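First up is the structure itself, then whatever we jot down about it.
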Amino acid sequence: MFKTSVFGLGPVGLVTAVCLARKGYPVLCVDSDVKRVRQVRDGAPPFFEPGLAEYLKHSIETGRFNVTTDPSSNAQSELSYITVGTPNKSDGSIDLTYVKKASLDIAKSISESNNPQIVVVKSTVIPGTTRNVIKPILERELGKKNGTGFFLCSNPEFLRQGNAIYDTEHPDRIVIGSDDQEASSRLERFYLNYYSSGNSKIIKTTFENAELIKYANNAFLATKISFINCIANIAELIPGADVRIVADGIGVDDRIGTKFLNAGLGWGGSCFPKDIKALISFSKSLDYEPTLIDATLETNDKQWQRIAEMCKGELGGLGGKRIAVLGLAFKPNTDDLREAVSIKLVRRLLEEKATIVVYDPAAMRNTKDTIGNTVEYARSSETCIDGSDCCIIVTEWDQFREIPPNTFVERMRQPFVIDGRRIYDPIRLRAAGVRLLAIGLGPEDSNQRQNT
Ligand code: UGA
C-alpha cells in the first residue's frame, strides 16, 4: 500500500487522512498546531463532522496512522497532500503563507530520499499558484525537476462540511492538473486503486484549469444561492408568492436543477466567502471587473441584514425585546461558525439593544468562544424560545423542523417566528396562531385564504 502524508489537519486534511486510513493506506498527519496534533493523536476530533470520531478511532487502531508536528518523518512517504488553509489577506487576496510553508516542509523532508514523491495540492489556490509558487519551491529545494525528482499535481477538493466523509468516498469527479504527463498518470493510477469501483469521472488538465475549476465551482454555487435569494426578495413583495414553489418550478428544468436553490439568510462557511473574495481580487489583479461575482457577494452581504430589519420593523424597535435565535452553525451538521450569518445577525440585534438567547445543537462552545457572555445560552430549542418576542430560524437543523407549532404559541411571550431557512409550512404555523414572516414568502393573499 502507498505510504501517504497529509499536511494540514483542517476539515479537508483530517477527513482525507482518515478516509485514506479506512482504505488501508498508512498515513502520516503533519500539522504545526501542537494542541490539534495532541487532540487528533488522542482520537478527539478537533471539530464536529458526522462519522469523523468513528473514522479517527479506526485510523488510530490500524497502528499505521501517525500524527506529528515534525515534517521530517514524511521522508518515507510516496504521496503527500497539501491541505493547509488559504485565508484571505485584509484586501481579500489569497494568503499563501501556509501553502509555501507546507511546500518547503515537504521539499526539505524528501530532499534525501531517492524515491520521487507525488505531491498533491488540495488546498484551494488561485490559478498559477501551483506552477509559479509551489513548483519553484520544490525544484529549488530539491535541485530536481517536476516529472523526474518529484511529481506535482493540483487536485482540488469538492467535499462539503457535514457530508465530508461521504463526499470523499464518493467524489463525483476527480480533477488532476499538472504540466507533466507522468505526474498526472501516477496520481490517476493512485485514485483508480483508491476508488476501485471507479465511478468518478477523472478530468486531467493543466494546473491552471484545475485551480480555476475549483473557484468556478464555488462561485457558481454561491451565485445560484444569491440568485434565488434575489428572487425570494422579490417574492416577498408579491401577495400569494412563495419562493419555495418558484424554486421547485424552475428546478424541474434540468438545465437549472433543484439543488442549491434553498433561499435563506445567505451563504457562509470557511469556503464560499473566502473563495469568492479571492476570485474577485484575482480577477481585478488581471484588470477584469467580475461584475456578476461582485453582485453575488453584495447580494449575500445584504441578505442577513434584511432579517434584522424585518424583526425590528415587525416589533416596532428592538430595545428591551427578547429574541430567540435558533441555529448558529453556518449550516446543519457542523459546529463551524466561520463567516456564519448568525454571528453577524446577533451582533446587529445586540446593537439595537435586544436581549438575545441562542441555541444550536453543535456550535454552542464555538459561539461562547466567539461572542462570550453578550448573549444568553439556552439548553434546548424549547427553553430558547421561552418568553421571547420573536424566534428567528438561522440554521435549518432537523430538530428545529420538528418543533410543534403549538410550542411557539405556548412558550413565547408573543408567537412571532421569522423563518430564515424556510423549514416550516406557513399554513400550519399560521393555523396554530403563529405570526410568521419568512424569506421569500409574500404577504398573505387574503383571497386565497378565503378560498381554501
Ligand atoms: C462548499 C462547496 O459546496 C464544496 O463543494 C467545496 O468543496 C467547499 O465549499 C470548499 O470549498 O471546501 P461547504 O462550505 O461545506 O462546501 O458548504 P455548502 O453545503 O456548499 O454550503 C455553503 C453555504 O451555502 C451554507 O451557508 C449554506 O447554508 C448555504 N446554502 C447552501 C444556501 O443558503 N442555500 C442552498 O441552497 C445551499
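Every number here is computed from the coordinates shown, using simple stated rules; none is lab data. Keep in mind it's a predicted model, so treat the numbers as computed, not measured. Note that we place each Cβ from the backbone using ideal geometry, even for glycine, and neighbour counts take in every protein chain shown.
Computed values, structure above
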quantity: Magnitude of the charge dipole, segment 294-452, Cβ model with Lys/Arg +1 and Asp/Glu -1, debye to 20; calculated: 300 debye
quantity: Among beta bridges that DSSP assigns inside the chain, antiparallel share in %, nearest 5; calculated: 5 percent
quantity: HN-Hα J in Hz across segment 329-336 - Karplus 6.51, -1.76, 1.60, θ = phi - 60°, x for Gly and Pro; calculated: 4, 5, 6, x, 6, 8, 10, 6
quantity: Computed helical MRE - 222 nm, the chain, DSSP H runs ≥ 4 contributing -39500 (n - 2.57), nearest 500; calculated: -13000 deg cm²/dmol
quantity: Other-chain or far-sequence residues with amide H under 5 Å of residue 29's (modelled H); calculated: 6, 66, 67, 68
quantity: Taking all pairs of distinct alpha-carbon atoms in segment 336-448, Kirkwood radius in angstrom; calculated: 14.8 Å
quantity: DSSP beta bridges in segment 111-202 [antiparallel fraction, %, rounded to 5]; calculated: 10 percent
quantity: Within-12-Å neighbourhood charge of residue 59 [Cβ basis; K, R +1; D, E -1]; calculated: +3
quantity: Shape call, segment 203-323: gyration tensor on alpha carbons, a/c limit 1.5; calculated: oblate
quantity: Residue order, fewest to most beta carbons within 10 Å, for 18, 27, 252; calculated: 252, 27, 18
quantity: Sites residue 398 and residue 44 - FRET efficiency at Förster radius 22 Å, r taken between beta-carbons, to 0.05; calculated: 0.30
quantity: Residue order, fewest to most beta carbons within 10 Å, for 86, 258; calculated: 258, 86
quantity: Other-chain or far-sequence residues with amide H under 5 Å of residue 202's (modelled H); calculated: 174
quantity: At least 30 Å along the helix axis (C-alpha) and Kyte average at least 0.5, DSSP helices within the chain; calculated: 207-235
quantity: 5 angstrom amide H check on residue 119, placed H, neighbours 5+ away; calculated: 80, 151, 152, 153
quantity: Peptides 434-442, 70-78 ordered by average Cβ neighbours within 10 Å, highest first; calculated: 434-442, 70-78
quantity: Residue among 69, 44, 58 farthest towards the positive dipole end of segment 28-142, charges placed on Cβ; calculated: 69
quantity: Rounded if a/c under 1.5, otherwise prolate or oblate - segment 62-164, Cα gyration tensor axes; calculated: oblate
quantity: Anisotropy class of segment 44-120 from Cα gyration tensor, a/c 1.5 cut; calculated: oblate
